[in-house]
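Comments concern the structure below.
The values are calculated or read from the model by the stated rules, or taken from the named source; none is laboratory data. Treat the numbers as computed from the prediction; the structure is a model and nothing was measured. Don't worry about glycine lacking a Cβ; one is built from the backbone with ideal geometry, like all the others, and counts go over all protein chains shown. To get the accessible areas, we keep the full protein, side chains included, count just its heavy atoms, and leave off ligands, DNA and RNA. Shrake-Rupley method; radii C 1.70, N 1.55, O 1.52, S 1.80 Å.
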Amino acid sequence: MPTYNTDELKNRFIVIEGIDGAGTTTQVRLLGETLIARGFSCMVTAEPTMNHIGQLIRTILSGEDMVVPTTVAHLFAADRNEHLYGKNGIMESLKSGSLVISDRYVLSSLAYQGTTCGHRLPWLLNSAFPAPGLTLLFEVDPEICIARIRSRLKKEIYETLEFQRRVQTMYERMAYRLSNKGWRIERIDGSKDIESVQRQIESIVFAFLGFEC
Ligand code: TYD
């Protein structure tokens, strides 16, 4: 495996996390637009990815393909490995001087696969991946999230209130564990309207990047 300067990651790699319907996808897009408008080169990306492994994961999440939960944990880790180290991946972008903003990363696996197959395996599979410089964890009542995603046409196997409640609890536990390992994790109140969530994010990210709002 190639060696990289992990400070490059720390300084320019930002991740947004939260349960389904928390609004991470919208906010990742908005943050990317803001940073690009301010002249930053910025890769806006997401997990599961659009590559082969990510597509396979999507068919499993849709309920079309059934595999055991531990297989899903391995697939997410494989998708992440490619996302980080593969062609046009996160490392390549960071090395070129770009910022990277990802909708989900390691903490998603610890929370979701931690819920479906216990925390040991996801922890093991993800322990070698580098920490981002900043993780923004959305906190929103799962009932609000489920109401937000109810109207979506494409349903996924994880989208039930009971499951999302368990994932939310696991997010908290795992965020605590990662913070103890030195990850910087900031909470965002995702229950507010899009603009006020955007303002919360911008004030944290701008301070992290060292420039004025
Ligand atoms: P999501 O961000 O909801 O994508 P989309 O809005 O395009 O459907 O991600 C899909 C699901 O994948 C979501 O339920 C969370 C889940 N997931 C995991 O279970 N483990 C992981 O490691 C990642 C990255 C996502």
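In a simple Cβ point-charge model (Lys, Arg +1; Asp, Glu -1; nothing else charged), the chain has a dipole of about 280 debye relative to its Cα centre. Every Cα-Cα pair of the stretch 106-152 was included, and the share exceeding 18 Å stands at 49 percent. For the chain, what does the helix formula give at 222 nm: sum of -39500 (n - 2.57) over DSSP H segments with n ≥ 4, over the residue count, nearest 500 deg cm²/dmol? It comes out at -15500 deg cm²/dmol, rounded to the nearest 500.
For the stretch 7-209, the solvent-accessible area of protein heavy atoms averages 47 Å² per residue (probe radius 1.4 Å; ligands and nucleic acids excluded). Picking from 28, 180, 39, whose Cα lies most toward the positive end of the charge dipole for the chain (charges on Cβ: Lys, Arg +1; Asp, Glu -1)? Most positive-ward Cα: 180. Using R0 = 45 Å, the C-beta based FRET efficiency linking residue 52 and residue 199 works out to 0.75.
Pairs of Cα atoms nearer than 8 Å and 6+ residues apart set the relative contact order; for the stretch 7-209 it is 33 percent. Close amide-amide hydrogen proximity is noted between residue 15 and 102, 134, 135, 136, each under 5 Å apart and 5 or more residues distant or on a separate chain (H modeled in the peptide plane; Pro and chain starts excluded).
Considering only 101, 14, 194, the Gaussian network model of the chain with Cα springs below 10 Å gives its largest mean-square fluctuation to 194. Please check: in the Gaussian network model of the chain (C-alpha springs, under 10 Å), which one of 112, 171, 85 has the largest mean-square fluctuation. Between 112, 171, 85, it is 85 that shows the largest mean-square fluctuation. Converting phi to 3J(HN,Hα) with the Karplus coefficients 6.51, -1.76 and 1.60 and the offset θ = phi - 60°, the stretch 83-88 yields 4, 6, 9, x, 4, 6 Hz in sequence order, with x at every glycine or proline.
Using 29 Å as the Cα-Cα cut-off, could you pick out the over-long pairs in 95/155; 95/192; 154/192; 95/181?
95/155; 95/192
In order along the stretch 152-157, the phi-based Karplus estimate (6.51 cos²θ - 1.76 cosθ + 1.60, θ = phi - 60°) of 3J(HN,Hα) comes to 5, 6, 8, 9, 10, 4 Hz; Gly and Pro are listed as x. Near the amide H of residue 43, within less than 5 Å, lie the amide hydrogens of 99, 100, 101, all on another chain or at least 5 residues away, with H placed in the peptide plane.
Kirkwood hydrodynamic radius of the chain, from the reciprocal of the average inverse Cα-Cα distance over all distinct pairs: 17.5 Å.
Within the accessible area of the chain, what % is carbon and sulfur when the probe is 1.4 Å and the other protein chains stay in place?
Answer for the chain is 54 percent, counting heavy atoms of protein chains only.
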